[in-house]
Structures are given as C-alpha cells and as structure tokens.
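Notes for the one structure printed next.
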Amino acid sequence: MNKFIPISQPSIGQKEIKYVNDAMKSGWVSSIGDYIDKFESKFAKFCGTKYAVAVSNGTVALHLSLAALNIKRGDEVIVPDLTFIATANAVSYIGAKPVFADIDKETLCIDPESIRRLITNKTKAIIPVHLYGHPANMNAINKIAKEFDLKVVEDAAESHGAGIDGKLVGSFGDCGTFSFYGNKLMTSGEGGMIVTDNKKLLQRLRFLRDHAMDSKKKYWHDEIGFNYRITNIQAALGLAQLERLDKFIQKRKDIFRWYQNNLSGMKGLNLNFTKNDCDNVYWFVCLLIDNFNQKKRDRLSELLKERGVDSRPFFYPNSQMPMYKKSKTDKKNPVSNSIYSRGICLPSYYDMTKKDVDTVSKVLLTILNGDS
Ligand SMILES: *Cc1c(COP(=O)(O)O)cnc(C)c1O
C-alpha cells in the first residue's frame, strides 16, 4: 500500500520555528508584541487594504466585524447556504438572523440574484464567502449593497490571495475576514484577521477586541466587549507563513493543474471552475461528480481511505442543520441542495508532490472505473 496521503497538512519550516522561538525568548508570549504589529501591517499590505486587525480565529473575526458594524438583534444577514457553519453562527452570536441565499452553480459562491430575492426591510448585511479559493461575485454584490444600503463582510477564510481583476478578496467589502486554522492556505495554529480601509471601523474593531476598554481611562468600560486577541506566538507563526504565502498559492495552482491533467479525460468529473476575471487559489481541489449522490460519494470516500487516500465531503447546506431548519431560504435553494451531495475535496497541501497527486488520481480513477 502507498503511504497515507492526508487531505491537508500545514508546512512548518525553519522560518516558522525561528520566529516562534524568538517570540518565546522575548518574553512577549501573550497579546502584546512586535510580531502582532508586523503580522497585521504585512497582511494589510498583502491584501491591498489600509488596515488589519489580528484576532483569535476566523469565526470571531466574523462576529467582531458584525458587532463593530453595529448589526443588532433581530436584524437579517444574508449568507450563502453552502459554506462552513461559522459564517451563519457568527450572525447568530449577534442575535441576528442568518438568511440563506443559494449559490452559483459554477463558482459555488453566493448567487447575487438570490441575495436580491431575499432582501427585506430587516436586511442589514451580506456575508459573501469566497468558497474553496474562488472569489464571490463582488462587483454584483457591492452594487446590491449600495442600492439597499447594506454592509458587506467578506468571509475570505478559504481564499487568501484570491482576486478579481487583480484586486484581492477582503478589499471589496466594508471589511474582510480570514482564518489561519491549521488546514487553511496559511496557519498561525489558530488565528484570524480582519482587513479594512475604514479608519473608524478599525478603531471600533480594536476597541471591541480588547474588552471595549476606554483608551484614556484604564479599566473603564462603556460597553460589553470581547477578548478576541491573538498571541504574539501565534502572530510569529503567522508572519513566517505570510512570508511564504505566494509560494503556497503557486503550489496550489500547480496541484490543481496536475489533477486536471490526470482527471480531465474522464467523463462526468468536473473540477473547480474559475471565472474569466478571477484568480482562484484552490484551497482544495474539488470534484463534482455527475449522477452521484450522498451514498455513492460516501462510499467513494471509504474506498479512497482503504487505499490510503484521505478526502472530505463538501459542506452541507447550512439550512439543513437542526438550528437553521426554520430559517428563510430562497425557495429551498435548489442549487445548494443538488450540488453538495455530489462534491468531494481531494488532498491539497503545500508539501504534496506530483507523485502524490498521480497516486491519488490513479486510485480515484481505478475506483470510479470499477476495476478495483
Ligand atoms: C475556516 C472557516 C471559518 C472559521 O475559521 P476558524 O479560524 O476555524 O474559526 C469561517 N468561514 C469559513 C468559510 C471557513 O472555511
């Protein structure tokens, strides 16, 4: 049997170890330190935004953004149905209601026309998600937001460095959020970031991140804030990864190309779609299989695992989960509900070799052709 090929793994090199060691030796191990400042300014620069605020993870980045934008209990926030659960949960933490829009069948990102159909006088914000590395249609979304005076928080947790016509995700909305969880394009262990061009919003984010402490009167608080800070140790790891991010992204593109060369000959297999004006960073190589269903897909995953290849299913539509079953959708979101059960993600990570990709492809084709 082949060596086991995981779905994802971080690439931790000498630079990461050096920076983390340095942070430890400095004694600044908690949430004050040079690495935090450097990580924030370098990340803002990378995204082409003026400011960045580092936080404990990508989920609280969303929660903090909504709080700082003054989204309130009872408000409605439109999110895509097909995404990681954190997008909708962040809306719930506020006491607001997630309303689930359908996705575009090609990009798998939120469908602007579906957003339009769901707007009511309670709608206050939209959270487009740049899913699996592909940018959502930000030009159409910003147009709708302007027309109805809605805030836009981009959930870019899966798409560091992706862009539209050369402008990077995170820089289109009022703010954009990122995750540095271990399986994301870059990691800080746990961690997140919010980027924005709006100075007032920046100040509000920093204030709420640190217990809403009065900047002049120490230990005085006019509001209930949060402890959503990142540590200097995490920021050291994050900075080292950020300095390698261009390479990480290039490798993801290579990996996609290798899979594409190996798999595009087989009928009924569809790999990640990329719109003309978009730069896809392929967080995961995704496979949509014609005429598949959940049972067949789960069986395929099992057979892959038996042959030493890990995989992961697409996200389930969030409106299928018990806590969101009664939430508003766009006529039950037919695209989200037909796509998720046919989708599977394949191993995609920086340290993968072409040989690993060839192995995964061969195993996959053998199973699908039924000659196993
Ligand atoms: C990973 C992810 C998050 C949450 O990030 P954490 O750092 O794990 O909290 C939010 N949204 C999406 C789309 C994600 O993929």
**Item:** Residues of the stretch 35-57 satisfying the condition of being within 16 Å of the ligand (Cβ to nearest atom) and open to solvent by less than 10 Å² (accessible area, probe 1.4 Å)
**Value:** F39, F43, A52, V53, A54, V55
**Message:** For F248, only one of the following conditions fails: (1) open to solvent by 30 Å² or more (accessible area, probe 1.4 Å); (2) in contact with a helix residue (DSSP H, G or I) (Cβ under 9 Å, 6 or more places away or on another chain). What is its number?
**Reply:** (1)
**Matching residues in the stretch 164-191 - criterion: being part of a loop (DSSP other than H, G, I, E, B), buried (at least 24 other Cβ atoms within 10 Å of the Cβ), within 11 Å of the ligand (Cβ to nearest atom) and small (G, A, S)** = S188, G191
**Asked** Given the conditions (1) within 16 Å of the ligand (Cβ to nearest atom); (2) outside any loop (DSSP other than H, G, I, E, B); (3) crowded, with 18+ Cβ neighbours inside 10 Å, which single one is not true for L108?
**Response** (2)
**Request:** Answer yes or no as to whether L365 is surrounded by fewer than 20 Cβ atoms within 10 Å (Cβ to Cβ) and under 23 Å from Y132 (Cα atoms).
**Result:** yes
**Unique residue being more than 16 Å from the ligand (Cβ to nearest atom), in a strand (DSSP E or B) and at negative phi when the list is V79, V152, V99** = V99
**Message:** So K200 passes all but one of these: (1) crowded, with 22+ Cβ neighbours inside 10 Å; (2) in a helix (DSSP H, G or I). Which condition number does it fail?
**Reply:** (1)
**Item:** Tabulated pairs, the stretch 292-306, first of a type in the set (S, T, Y), second outside any loop (DSSP other than H, G, I, E, B) and open to solvent by 30 Å² or more (accessible area, probe 1.4 Å), C-beta under 9 angstrom, 6+ apart or interchain
**Value:** S301/R312; S301/P313
**Asked** Quick one: G161 ticks every box in (1) surrounded by 21 or more Cβ atoms within 10 Å (Cβ to Cβ); (2) touching a Ser or Thr at 6+ places or on another chain (Cβ under 9 Å) bar one, so which box is it?
**Response** (2)
**Request:** Inspect all residues belonging to the stretch 222-233 and state whether any of them is modelled with pLDDT of 95 or more, more than 15 Å from the ligand (Cβ to nearest atom) and among the aliphatic types (A, V, I, L, M).
**Result:** yes
**Message:** Take the conditions within 26 Å of G166 (Cα to Cα) and charged (D, E, K, R) and apply them to E106. Does it pass?
**Reply:** yes
**Asked** Does S26 satisfy the condition of being over 24 Å from I233 (Cα atoms) and surrounded by fewer than 20 Cβ atoms within 10 Å (Cβ to Cβ)?
**Response** no
**Prompt:** Among the residues of the stretch 223-267, how many are in a loop (DSSP other than H, G, I, E, B) and either over 20 Å from D210 (Cα atoms) or of a type in the set (G, A, S) (or both)?
**Reply:** 7
**Message:** So in the stretch 251-278, with the set limited to residues that are aromatic (F, W, Y) and open to solvent by less than 30 Å² (accessible area, probe 1.4 Å), which one is nearest to P10 (Cα to Cα)?
**Reply:** F256
**Asked** Residue check: is A61 modelled with pLDDT of 95 or more, in a helix (DSSP H, G or I), more than 12 Å from the ligand (Cβ to nearest atom) and within 18 Å of M193 (Cβ to Cβ)?
**Response** no
**Prompt:** Does I32 qualify as being within 16 Å of the ligand (Cβ to nearest atom), farther than 25 Å from I164 by Cβ, touching a residue at least 12 places away in the same chain (Cβ under 8 Å) and surrounded by fewer than 19 Cβ atoms within 10 Å (Cβ to Cβ)?
**Reply:** no
**Complete:** Scanning the stretch 280-317 for residues that are acidic (D, E) and within 19 Å of N262 (Cβ to Cβ), the one most open to solvent (accessible area, probe 1.4 Å) turns out to be D290
**Asked** What are the residues in the stretch 70-79 that are touching a residue at least 40 places away in the same chain (Cβ under 8 Å), surrounded by fewer than 24 Cβ atoms within 10 Å (Cβ to Cβ) and not small (G, A, S), if any?
**Response** I71, K72, D75, E76
**Fill in**
Selection from the stretch 82-96 of residues open to solvent by 20 Å² or more (accessible area, probe 1.4 Å), more than 13 Å from S65 (Cβ to Cβ) and in a helix (DSSP H, G or I) yields N89, S92
**Asked** Among all residue pairs at least 6 apart or on different chains, which show Cβ distances below 6 Å where the first residue, located in the stretch 171-183, is modelled with pLDDT of 95 or more and the second is open to solvent by less than 10 Å² (accessible area, probe 1.4 Å) and polar (S, T, N, Q)?
**Response** C175/S65; C175/T196; T177/S65; F180/T187; F180/S188
**Filter result for the condition that a residue is more than 22 Å from the chain's Cα centre (by Cα) and acidic (D, E), over E158, E147** = E147
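The values are calculated or read from the model by the stated rules, or taken from the named source; none is laboratory data. Everything numeric in this text was worked out from a predicted model, so none of it was measured. Heads up, the Cβs are rebuilt from the backbone with ideal geometry, glycines too, and the neighbour counts pull from every protein chain shown. To get the accessible areas, we keep the full protein, side chains included, count just its heavy atoms, and leave off ligands, DNA and RNA. Shrake-Rupley method; radii C 1.70, N 1.55, O 1.52, S 1.80 Å.
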